[in-house]
Each structure stands twice: as C-alpha cells, then as structure tokens.
Amino acid sequence: MPASVYTILTAIFLLLLLLVVVAIVYRSWRNGISPMPTSAPVRQAVITEMKGLERAAALAGAAPLATVNPIVEAGAGWGTLALALAKAYPHWRIIGVENSLIPWLFSRLSLRWSAYSQVQFLRGDLYAFPYETAGTVICYLYPGAMRRLNPLLREKLLPGARVISICFALPGWQPRKIVTCRDLYRTKIYIYEKD
C-alpha cells in the first residue's frame, strides 16, 4: 500500500475517532454523566432479582413479567444489561431508551449480532418515555437524573409496576428490598413496587 493511501486512511480513522469522542463528551456534559456499562456482577444480581420477581408473580397467579408490559431500561447506555436480561429470559420484552448517539449505535450493533428479537433500543429522551406501558423500569442513573425521573414514575407507573435502581435510591420511595452486589464497589440495587 502506498504511503499516501496509508496516511489518508489514518487521517480518516483519527478524524472519525475524534468525532466519536467529541460526541460522547458532549452528550456526557449535557446529561451530567457519561454512559457507564453495567458490570458483570451487577448484571447477574439484577437477573437474579428479576427471576425472583417472576417466581413471586407466578405464585400469586399473575402473568409472567415482561410478557404483558415490557421491561424498560431508562438510560440503556451500551446495552449490556438489556442484552444480558434477554439472554437470561428470552420471553421477556425489553426496551432500552438512550439519548447518547454512540452508545445507542453500539447497542443497536450488538443487538444485530445477537439473536434477541424481543429487545428494542430506542434513541430518545428517557424523561419523555410513556412509563405507563412499563411493567418494570430498570435504571442505572446518577442522583440528579433519579430526582428528575422520580415524579414521572410516581405519576405514570401503574400500580404493581416495579422499579429496579442500580447504585442510587429513588428519593421518597421505600424499597421492598436492597441487594448488595459482590463487586468491588459493593453496589446496591434498590427494588421498589408502585402502590
């Protein structure tokens, strides 16, 4: 390959890389936090808790989780948690909502490589999502976002809907259960049920 072609390809690659970094930094600045992938121990703990919630629903004679109303991941980021949930339970309907372009594109690409047709990644504002359609909302957001999401969940979630919050509690809500993960940070998972 001639040196000039190599130089042009390198310049194009570096320009694309710079654009990706600028897009992530800009959206992180706008959101107040950068998109963080959920660690493997936390993903496993969420899956375990979701399985427990499904068993409890079955014992109560209710329809299985996420077959009537989907699981909504508010701020799905790179899609790792939604895809892990889909792998654990292929019959769950999962919607990931993300406003940052690069993580959303990554999650869509990951979805194409997977066999999970029940997962959908939407690019949009998580504060504008119709949460009345959700059976369970999962969020891994920072405290400011949790404060902003709080009134929307109180207003829109149907009674019996669940909220699973990773790391940060919902202000004013009483968790049904708090799980401490076995990761480096001893991450807490808060499980709520709407009255």
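Structural remarks
- Filter pass, residue 137 being aliphatic (A, V, I, L, M), modelled with pLDDT of 95 or more and in contact with a helix residue (DSSP H, G or I) (Cβ under 6 Å, 6 or more places away or on another chain): no
- Close contacts from the range 38-53, counting a first residue that is under 19 Å from residue 93 (Cβ atoms) and a second that is among the aliphatic types (A, V, I, L, M) and surrounded by fewer than 21 Cβ atoms within 10 Å (Cβ to Cβ), with Cβ to Cβ under 7 Å and a gap of 6+ residues or different chains, come to 43/84; 47/84; 47/88; 49/179; 49/191.
- Of all the criteria given as (1) on the phi > 0 side of the Ramachandran plot; (2) out of contact with any Ser or Thr (no Cβ under 6 Å at 6 or more places or on another chain), the one not satisfied by residue 79 is (2).
- Screening the range 126-162 for residues that are under 13 Å from the mean Cα position of the chain (by Cα) and open to solvent by 30 Å² or more (accessible area, probe 1.4 Å) and picking the one that is nearest to residue 46 (Cα to Cα) gives 140.
- Some residue of the range 181-190 being open to solvent by less than 50 Å² (accessible area, probe 1.4 Å), in contact with a Gly (Cβ under 8 Å, 6 or more places away or on another chain) and either closer than 21 Å to residue 76 by Cβ or of a type in the set (Val, Ile, Thr) (or both): no
- The residues in the range 140-153 that are in contact (Cβ under 8 Å) with a residue 24 or more places away in the chain, assigned to a helix (DSSP H, G or I) and out of contact with any helix residue (DSSP H, G or I) (no Cβ under 7 Å at 6 or more places or on another chain) can be counted, and the count is 6.
- Within the range 106-121, the residues that satisfy the criterion of being of a type in the set (A, V, I, L, M) and surrounded by 17 or more Cβ atoms within 10 Å (Cβ to Cβ) are 111, 119.
The values are calculated or read from the model by the stated rules, or taken from the named source; none is laboratory data. Keep in mind it's a predicted model, so treat the numbers as computed, not measured. Cβ coordinates were reconstructed from backbone atoms using ideal geometry, including for glycine residues, and neighbour counts include every protein chain displayed. All accessible areas refer to the heavy atoms of the entire protein, side chains included, with ligands and DNA or RNA removed. Shrake-Rupley method; radii C 1.70, N 1.55, O 1.52, S 1.80 Å.
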